[in-house]
Structure formats: structure tokens, C-alpha cells
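Since every read-out is calculated from the coordinates, none of them should be taken as a lab result. In this text, all values refer to a predicted model and were calculated from it rather than measured experimentally. Positions of Cβ are generated from backbone atoms using ideal geometry, with glycine treated the same way; all protein chains shown enter the neighbour counts.
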Amino acid sequence: MVIRVFSVFVVLFLSIGAARGAEIALTGATIYTTPVAQPIPNGVIVVTDGKVTAVGARASVKVPPAAEIIDCTGRVITAGFWDAHVHFMHRIWADGATIPAATLGAQMQDTFTRYGFTAVFDVSSILENTIALRKRIDAGEMPGPRIFTTGFALMPANPQLPTAVYESMGWMPMTPPEIADPAAADAAVNTALNSGADAIKLFISAPSKSTHSPKVIEAATAEAHRLGAPVFVHPNSNADIIAAAENGADIIAHTTPLSGPWDDAVLSAMEDRDVALVPTLWLWKYLVRNAPQARQDAVVETELAQLRAWIARKGTVIFGTDYGAVKPGPAEDYALMAAAGMSFRDILASLTTAPAKRFGRGADLGQIAPGFTADLVVLKEDPTPDVRKLADVQFTLRDGKMIYRAP
Ligand SMILES: [Zn+2]
């Protein structure tokens, strides 16, 4: 698959790392340079002009005399986190070009940066609005994560979306495009990618039971890949996953616990095409929270079994919350991923190296190494014994600039 090289935006540095040539040094933390390397105790990271220029044990890294020191003694540092399943569809994000900067900055903090998210992938929203948000962050108007977006998901014809409930969900009114045939898929993919989208999202089936035909999925993925963009899919069933994987999709954006366990046909279709899975385990638990306990238990059991089976096949897992359908905050997802058998390091890979690689940024994001962009998370404490601690963030840095500082 061809992966688009995403645009690298110029970021105006607001405070730390503000001037050209500015150096900072984060000292004293345990550093996980990658999810697989041995952690460096009492380490030092030197950042120059937003890039990591040195990382190692305190004894072996020289701290430049002019560097601003950020004392991280007792903390744990990892590469910046990705949330690869979010939506900017709540009305708090509407009129993205004109939301007061302080308000928008506070929203970005409460939703993303306080949890260490330095990159988020929006997988259905109003494209122009999400791009307006992205432009303001990248211009340095307020701190926030890197935003990648698919724009509107492409729906099957006559989807009968429950638009009447958007108001009660707090969502903006919106009308995603409906795709009737392969020619329409081709046109919609071109329109989105030529208008600033970074990827394509397909809703494989709709509430009306209308479903994208294999030819439509194939046309959309072929055109997206030709233009260097990956394709996310929202499956509602195991059959949707098979159709998506067999026709070229790259990222399965949910498990499907409402349609029963994954059999060999589902898992083999995913494995054969090397898709990545975004499990969104908390989403399903949240959606059935008012159901009888036995139903809740069955849904959680099924989603854990699906993720467990995918891990057993050594499949790629990418972290995502489905913020927009659930409240902000990844701790419940971390706990559920651990319950499915993922270690702290496995979850860290899903937050860092796996998304960076899948989205074509493996050479500059996802690791802490000389030459890499200084997107960093400083955790309050070691998450090894309790993965929920991955959500307890002291500092978040993007491009070497502090974009969140815990009170
Ligand atoms: Zn979603």
C-alpha cells in the first residue's frame, strides 16, 4: 500500500522552545524510547528546535549549558500518543474558524492534550470545519494536537441516518455524502483528498441496512491508495469486516461485539490483508451501560475475545477512543485492552509506533531518538503495574513545545 506523506506544518513556538536555536533538556525520568527498547533510568532528552538531538543516561548525555531544564525526576517519558479514532462533531467544535482562541485551547486541553495526545485522527466530521481547527492550532493560535482527518465518512445510498437524535447527542447537523456506485466513490474520494483530507472513511453498512457493494469499496480504496491515502472503515458486522478487508481497506475502526465472536473467516481476511484494528473497547461497554448486567457482560466478553484473537494472530493494533461518541478520556480503554491481554508495552506500541508507521510518519514520530520530532508525554508515574496510569500526564510536548502542564 502506498502511504501518503502527510504535510508537515510549521508551528509557531509559544513559550518553551520559542526562539530559534532554543534548547530544552528533560532530566531525571525513566525514558521509554520505543515500546520494545529497555527503558533508560535517570535519563536525559535534549531537544533543539523541536527535534530530539540527544537521549540517553544522565552520565552519557551532555546537557547544553544554555538549555532550559525541565526536571522530570520520578516521572516516565514516552513518545507522544495518537488517538486514531475521534470525531470533531460535537457542537463545541462548530464554527471552528471563529471559536475564541482561549475557549478552543481549553477544549483541546480537556479533550486531548491533558491525556498526552499529540496526534489525533478524526474519522468523520465536517471537513472544512475540522481543517479550520487544524489551521488555527498549526498557526500557533492555541496549543493542540496534530489533527488528521477523513472529512465525512462515505455512506451507502439511502442510509436513513437518525438525524433527529443529533440534537440530543450534541452533534452538529450534517449530511454525509451517499455513494451509489463505483464512479461516485471515485469522485467522492477525489473531492475529499483534494480538499485537505488525509484519509478516507467508509461506513460499510448503514442503519437502513443499505451496504456498500464490494465494487464500491474496491473503487474507493483503489483511488485513495492511488492518491497515497489510507482507508478507514466502520464495520457494523463481521460480514462488513470481511468485505472491507477483501476489497482493500487498511484500518478497521472498531471491533464488532454486537454481532458475535470473530471466526477464522473474519480473522484470516484481516490477517491476509494486514489491516490494523482500532478496538474502541470502551465505546461498546459505554453504549450498553444501561442494558441488563448479563447483556453488558456478554458484550465486554465478546469484544475482549475479538481483540485477544487478533493479538494471537500478531495483528496490528492502533489506539482509538471514538471520542465524539464517548466522553473524553482513555483510561477505560487502557484497562480493557489490558484485560484482553495487552501489556503496558503493547498498549504503548498502539499509541506510538504502530500509528506512526501506519500513517506514514514512522521516520519522524512515534519514537524518542535523535532526529525525531519532539512529541513527548511525561507521565506522573510508571504505568507498568496499572495501565490506567498512562492517562495520568504531567506534561505533554509537541514539536518540543509544552502544550499541556498538569496543575
Ligand atoms: Zn467513530
- Between segment 327-391 and segment 125-196, the alpha-carbon center distance in angstrom: 26
- Go from 0 up to the bin containing the longest alpha carbon distance in the chain, width 10 Å each, and give me the % of pairs per bin. 5, 23, 33, 26, 11, 3, 0
- Message: Springs between alpha-carbon pairs under 10 angstrom, Gaussian network model over the chain: which of Ala239, Ala369, Ala79 fluctuates most?
- Response: Ala239
- Query: Which entries of Lys285/Lys327; Lys209/Lys285; Lys314/Lys357 show an alpha-carbon separation above 20 angstrom in the structure shown?
  - Reply: Lys209/Lys285
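Just to confirm the filter: which GluC sites (Glu not before Pro) across segment 269-318 are DSSP coil and have at most 10 other Cβ within 10 angstrom of their Cβ?
On the way: sites: Glu271, Glu301, Glu303; in loops: none.
Qualifying residues, ordered by number: none.
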- Query: What is the calculated FRET efficiency for Lys209 to Lys327, with r their C-beta to C-beta distance and R₀ = 25 Å, to the nearest 0.05?
  - Reply: 0.30
- Item | Relative counts (whole %) of C-alpha pair distances in segment 257-353, using bins that are 5 Å wide | 2, 14, 24, 24, 20, 11, 4, 0
- Item | FRET efficiency, 1/(1 + (r/R0)^6) with R0 25 Å, evaluated for Ala97 and Asp49 via beta carbons | 0.30
- Query: Which residue, Lys389, Lys285, Lys314, has the most motion in a Gaussian network model of the chain that connects Cα atoms within less than 10 Å?
  - Reply: Lys314
- Residues in segment 161-188 reached by a label modelled at Ser195 [backbone nitrogen below 17 Å; 7 Å Cα→Cβ]: 172-180, 184-188
- Note on the structure: Of all DSSP beta bridges with both partners in segment 81-358, the antiparallel percent, nearest 5, is 10
- Message: Using the basic label-point model (7 angstrom from Cα toward the beta carbon), what is the Ala265 to Thr175 distance in nanometres?
- Response: 3.7
- With a length cut of 24 Å (Cα positions projected on each helix's long axis) and a Kyte-Doolittle mean of at least -0.5, go through the chain and give me the DSSP H helices that pass. 293-312
- Message: So, R0 is 25 Å and r is the distance between the beta-carbons of Ser60 and Lys380; what FRET efficiency does that work out to, to 0.05?
- Response: 0.45
